[in-house]
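First up is the structure itself, then whatever we jot down about it.
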Amino acid sequence: MGKTRFESTIKQIPYPQQAVYDMLSNLDNIAKVMDRIPKDKIKDMEFDRDHVSMSVDPVGFIKLAVCDREEPKCIKFQTEQSPVPFFVWIQMLPVTDNTSKMKVTAEADLNPFIKAMVQKPLQEGVEQIAEGLARIQYN
């Protein structure tokens, strides 16, 4: 088993770093973007300030909890329930007073067999999350 890291490309966000952090650090704000979540891939989503759970096709049931907030630059999540335990973090950095950039990273302990099966979908998933977060209106 070895740690495998999946990183999104860096996304430019036309909002200040603090606004992005404020929105993403409180998972209750998922309600504001429910219309952008692909209903064919994600079902039965529930959330509160610190947790989110959902059924993800074809992965299964996943529950994530915020495990660390480093205002205004990073939010870390860990799985509480998942077929494969993993961590996810969202990093935000200022570019100007009114713009920022973001990267999503996931890390999991994967044996070589599992890694071969999940590497492509996990990399695509991290990129899709980053793209989705880049399109949110943070005001």
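Scanning segment 103-134 for residues that are of a type in the set (D, E, K, R), outside any strand (DSSP E or B) and modelled with pLDDT of 90 or more yields a count of 2. The number of residues in segment 113-139 being open to solvent by less than 80 Å² (accessible area, probe 1.4 Å), of a type in the set (D, E, K, R) and free of Cβ contacts under 8 Å to residues at least 40 places away in the same chain comes to 0. Checking each residue in segment 84-102 for being open to solvent by 50 Å² or more (accessible area, probe 1.4 Å) and not in a loop (DSSP other than H, G, I, E, B) picks out F87, Q91, L93, P94, K101.
Test V88 against the criterion of being among the β-branched types (V, I, T), touching a strand residue (DSSP E or B) at 6+ places or on another chain (Cβ under 7 Å) and under 15 Å from L27 (Cβ atoms), and give yes or no.
On the way: among the β-branched types (V, I, T): yes; touching a strand residue (DSSP E or B) at 6+ places or on another chain (Cβ under 7 Å): yes; under 15 Å from L27 (Cβ atoms): yes.
So V88 passes the test.
Screening segment 1-23 for residues that are in contact with a strand residue (DSSP E or B) (Cβ under 6 Å, 6 or more places away or on another chain) and among the hydrophobic types (A, V, I, L, M, F, W, C) and picking the one that is nearest to T99 (Cα to Cα) gives I13.
The values are calculated or read from the model by the stated rules, or taken from the named source; none is laboratory data. Quick caveat, the model's predicted, so the values are computed rather than measured. Here the Cβ is made from the backbone with ideal geometry for all residues, glycine too, and neighbour counts use every protein chain on show. We work out accessible area using only protein heavy atoms, side chains counted, and drop any ligands, DNA or RNA first. Shrake-Rupley method; radii C 1.70, N 1.55, O 1.52, S 1.80 Å.
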